[in-house]
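Chemist: One structure is given below, represented as structure tokens, and several questions about it will come after.
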Amino acid sequence: MRDRWSSRTIFLFAAIGSAVGLGNVWRFPYLTYKFGGGAFLIPYLIALFLIGIPMLILEFALGQKIQRGAVESFKKINRKLKGIGTAAIITGFIVVIYYAVVMAWSLVFFVNSFNLKLPWADDSKSYFYNNVLGVTSSVSEIGGINWTILIALFFVWLGIYFSVRKGVKSVGKVVAITMPLPIILLIILFIRGITLPGSWSGVLYYLKPDFSTLLSSDIWIAAISQIFFTLSLAFGIMIAYASFNKKDQDVVSDSYITAITNSAISLFAGFVVFSVVGYMAFSTGSSIDKVVAAGPGLAFVVFPKALSMMPLSWFFSILFFLTLLSLGIDSAFSLVEAVNTSITDVRNKRREEVAFWVCLIAFVFGIIFTTGAGIYFLDIVDHFATNYGLVLVGIFEAVAVGWIYGASNLRSFINSTRKTKLGSWWDISVKFIIPLALIFLIAAQFILDIKNPYGKYPGWALGIGWVVALVPLLIVLNGLFNRS
Ligand code: PHE
């Protein structure tokens, strides 16, 4: 008998826990601000309803129908398509290797928050880059292993291991805490943020719409890739998670609940981030443009600085880094669970054993990201894995289900799970809109990368990135043309 989630609610907690992660807090608010404030919500919502939700329905339906993880699910469609599942979980495995490292940074900050005067109060930028990371001057200078981060990384992996050790049985217990906790913490931070002087001007900056941005293609590219990343699509996660559902669970409602909760949390996180950023601009007398940042810069430089300026700074700092840790952990272990499910589907091995080895190997590979050049490698691998690997897998998934398995075929299964029928618009989305939008995305990104090599890194370093980008393609092609 296949393992089952203890209830539908727990399944939803797990799916939402995977979707809600660092992307909601450090990517979404920044993108919104950068691409025309409230106006960004237009392409974002269009991408959500035309691409994100249909794709989520696809992944949930596939896993639930076939009752297997990504690899076996695609193999069931056609032996030659097995590579799509393999490509998905390998890209996911690469992502979790560095995702765990970002969590290790959060853990270092968390521990250092237990200080009446926060150690980064004077110069948060130098604190992050020099004290925490010990960053070298360029990617060519590897520097040594940073032992503090390595130890933190070890604890992060210990946490992941204990979460996935018993598959959905243990995951189900952990998500009952890690899904609601960051939401509660965000609400507390919101109340704190919004009552600080200057906060509303930050929020105004965040949402003030500038509709002229809608005319550029960048905004559409950003919206589509954010939707993919934030819903944890194309890593085999949602397929694996849904494979532990009973076959008659309502796939469409599950998808809407997961996707809408996730986007609501993103929007809400933007209020938290921008109220605090607004406060910081107000207190330092600078403009919001000067203080806002994306990615690691936001969570580990700007925010810590702002926290250090608040009353009870240590307390809110502890809360903030606990938020990041609890946001990240269920995204991280969902990636690991996708890999483990695909392995235990075919190997008669104990779950604990598989989990142990997967975690250990990911930890060991993660060491490269704990060196002085770690953040450069992380930046490169992230760029190529999310802009190419993920998108390629998405294209393959949509084409395989839409054209080979047959979208209407899967839709009949979906409709057997509910009363209100999913209309044929879904077929159109899976067969045409998703593949075309993703091909557009990848082509536009490719042109950009050829014109301006990413981040001005040297050729050999970008070469590593291109390998990461092409691995899924090679795996899929190998499956297609392999005679066996
Ligand atoms: N959805 C997560 C986030 O927004 C990121 C993630 C992507 C997690 C893919 C797992 C897999 O942070």
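Chemist: Are any of the pairs Lys75/Lys421; Lys82/Lys421; Lys246/Lys419; Lys125/Lys451; Lys305/Lys456 more than 24 Å apart by Cα-Cα distance, and if so, which? Numbers along the way, then the final one.
Modeler: Working: Lys75/Lys421 28 Å; Lys82/Lys421 30 Å; Lys246/Lys419 17 Å; Lys125/Lys451 30 Å; Lys305/Lys456 28 Å.
Pairs exceeding the cut-off: Lys75/Lys421; Lys82/Lys421; Lys125/Lys451; Lys305/Lys456.
Chemist: While we're on this one: From the cross-link list Lys76/Lys431; Lys34/Lys117; Lys117/Lys173, which pairs have alpha carbons spaced over 27 Å apart? It would help to have the intermediate numbers written out before the result.
Modeler: Working: Lys76/Lys431 19 Å; Lys34/Lys117 33 Å; Lys117/Lys173 36 Å.
The answer is Lys34/Lys117; Lys117/Lys173.
Chemist: Rounded if a/c is under 1.5, else prolate if a/b beats b/c, else oblate: with a ≥ b ≥ c from the C-alpha gyration tensor eigenvalues square-rooted, which is segment 281-398?
Modeler: On the way: a/c = 2.55, a/b = 1.88, b/c = 1.36.
Taking the square roots of the gyration eigenvalues as a ≥ b ≥ c, segment 281-398 is prolate.
Chemist: If you don't mind, there's one more thing I want to ask. Sorted by accessible area (1.4 Å probe), largest first, how do Lys34, Lys419 line up?
Modeler: Ranking Lys34, Lys419 by accessible area, largest first, yields Lys419, Lys34.
Chemist: Also, I was wondering about something else. For the chain, give the magnitude of the charge dipole about the Cα centre (Cβ charges: +1 Lys/Arg, -1 Asp/Glu; no others), in debye to the nearest 20.
Modeler: That gives a dipole near 1420 debye.
Chemist: Let me ask something else. If you stretched the chain out fully between Arg79 and Met309, how much longer would it get, using 0.36 nm times the residue separation minus the C-alpha to C-alpha distance? Intermediate results must be reported in sequence, preceding the final value.
Modeler: Numbers: separation 230, 0.36 × 230 = 82.80 nm, distance 5.86 nm.
Extra length available between Arg79 and Met309 comes to 76.9 nm.
Chemist: Stokes-Einstein at 25 °C, 0.890 mPa s, Kirkwood radius from Cα pairs: D for segment 277-322 in µm² s⁻¹? It would help to have the intermediate numbers written out before the result.
Modeler: Details: Rh = 10.8 Å.
Approximately 228 µm²/s, per Stokes-Einstein.
Chemist: Could I ask something else about it? Using heavy-atom solvent-accessible surface (probe 1.4 Å) with all chains present, what is the largest-first order of Asp427, Asp248, Asp379? Let's see the in-between values first.
Modeler: Values: Asp427 20, Asp248 110, Asp379 50 Å².
Descending accessible area places them as Asp248, Asp379, Asp427.
Chemist: Another question, then. Tell me, what is the per residue accessible area of segment 8-481 in Å², probe radius 1.4 Å? Walk me through the intermediate numbers first.
Modeler: Values: 17830 Å² over 474 residues.
Averaged over the residues of segment 8-481, the accessible area is 38 Å².
Chemist: Still on this structure: Work out how much length Glu353 to Thr195 would gain on full extension: take 0.36 nm times their residue separation and subtract the Cα-Cα distance, in nm to one decimal. Walk me through the intermediate numbers first.
Modeler: Values: separation 158, 0.36 × 158 = 56.88 nm, distance 4.95 nm.
Answer, rounded to one decimal: 51.9 nm.
Chemist: If you take the square roots of the eigenvalues of the alpha-carbon gyration tensor of segment 51-109 and sort them as a ≥ b ≥ c, do you get rounded (a/c under 1.5), prolate (a/b over b/c) or oblate?
Modeler: Numbers: a/c = 3.19, a/b = 2.00, b/c = 1.60.
Judged from the Cα gyration tensor, segment 51-109 comes out prolate (a/c at least 1.5, a/b above b/c).
Chemist: Note down the nm distance, to one decimal, between modelled labels 7 Å out along Cα→Cβ at Asp289 and at Ile142.
Modeler: 4.2
Chemist: Additional query: Could you work out how far helix 313-346 tilts from the main Cα principal axis of the chain, as a 0 to 90 degree angle to the nearest 10?
Modeler: The angle comes out at about 20 degrees.
Chemist: Compute the Rg/Rh shape ratio of segment 8-481: radius of gyration over Kirkwood radius, all on alpha-carbon atoms.
Modeler: On the way: Rg = 21.4 Å, Rh = 22.5 Å.
Rounded to two decimals, Rg/Rh equals 0.95.
Chemist: Would you mind computing, in nm to one decimal, how far apart the modelled labels at Lys34 and Leu477 are, each placed 7 Å from Cα along Cα→Cβ?
Modeler: 3.1
Chemist: So how much accessible area does Trp314 have, in Å² to the nearest 10, using a 1.4 Å probe?
Modeler: 80
Chemist: Could you work out how far apart the two model spin labels at Val364 and Leu45 are, taking each label as a point 7 Å from the Cα in the direction of the beta carbon, and quote it in nm?
Modeler: Simple spin-label model gives 5.0 nm for this pair.
Chemist: So, one more: Under the classification rounded if a/c is under 1.5, otherwise prolate if a/b is larger than b/c and oblate if not, where does segment 108-209 fall, given a ≥ b ≥ c as square roots of the Cα gyration tensor eigenvalues?
Modeler: On the way: a/c = 2.03, a/b = 1.06, b/c = 1.91.
Oblate, since a/c reaches 1.5 and b/c is not below a/b.
Chemist: Another one. I'd like the Karplus ³J(HN,Hα) series for segment 457-462: coefficients 6.51, -1.76, 1.60, θ = phi - 60°, whole numbers in Hz, and an x wherever there's a Gly or Pro.
Modeler: 6, x, x, 5, 5, 5
Chemist: Using a 1.4 angstrom probe with every protein chain in place, what is the largest-first accessible-area order of Tyr388, Tyr457? Provide the component values of the computation, followed by the final result.
Modeler: Working: Tyr388 10, Tyr457 35 Å².
Result, largest first: Tyr457, Tyr388.
Chemist: Please report, largest first and rounded to whole Å, the three semi-axes of the ellipsoid equivalent to segment 357-465, where each semi-axis is the square root of five times an eigenvalue of the C-alpha gyration tensor. Numbers along the way, then the final one.
Modeler: On the way: eigenvalues 276, 80, 18 Å².
Taking √(5λ) for each Cα gyration eigenvalue gives 37, 20, 9 Å.
Chemist: Give me the angle, in degrees from 0 to 90, between the Cα long axis of helix 390-399 and the longest principal axis of the Cα atoms of the chain, rounded to the nearest 10.
Modeler: Helix 390-399 sits at roughly 30 degrees to that axis.
Chemist: Using the Kirkwood radius built from alpha carbon pairs, what does the Stokes-Einstein equation give as D for segment 304-346 at 10 °C and 1.306 mPa s, in µm² per second?
Modeler: Working: Rh = 12.5 Å.
Rounded, D is 127 µm²/s.
Chemist: For segment 416-465, I need the span (max minus min coordinate) of the C-alpha atoms along each principal axis, in Å, sorted largest to smallest.
Modeler: Computed over the Cα atoms, the extents are 56, 19, 13 Å.
Chemist: Can you run phi through the Karplus equation (6.51, -1.76, 1.60; θ = phi - 60°) for segment 379-384 and list ³J(HN,Hα) in whole Hz, with x for Gly and Pro?
Modeler: With coefficients 6.51, -1.76 and 1.60, one gets 4, 5, 4, 4, 4, 6 Hz.
Chemist: Relative contact order of the chain, please, whole-number percent, based on alpha carbon pairs below 8 angstrom and at least 6 residues apart.
Modeler: Details: 781 pairs, mean separation 162.3, N = 484.
Relative contact order for the chain comes out at 34 percent.
Chemist: Now for a different question. Probe 1.4 Å, all protein chains in place: accessible area of Leu41 in Å², nearest 10?
Modeler: Here the accessible area works out near 50 Å².
Chemist: Shifting gears a bit: Got a number for the accessible area of Glu72? Probe 1.4 Å, square angstrom, nearest 10.
Modeler: Approximately 40 Å² of Glu72 is accessible to the 1.4 Å probe.
Chemist: Let me ask another. Return the carbon/sulfur percentage of the accessible area of segment 8-481, one whole number, probe 1.4 Å, all protein chains in place. Write out the running numbers ahead of the final one.
Modeler: On the way: 12260 of 17830 Å².
Looking at segment 8-481 in its full context, I get 69 percent from C and S.
Chemist: With axes computed from alpha carbons, what is the tilt in degrees of helix 351-366 against the longest principal axis of the chain, rounded to the nearest 10 within 0 to 90?
Modeler: Around 50 degrees separate the two axes.
The values are calculated or read from the model by the stated rules, or taken from the named source; none is laboratory data. As the structure is a prediction and not an experimental result, all values here were calculated from the model. Neighbour counts are summed over all protein chains in view; Cβ atoms, including those assigned to glycine, are modelled from backbone coordinates with ideal geometry. Each accessible area value is taken on the protein alone, full model and side chains, heavy atoms only, with ligands, DNA and RNA left out. Shrake-Rupley method; radii C 1.70, N 1.55, O 1.52, S 1.80 Å.
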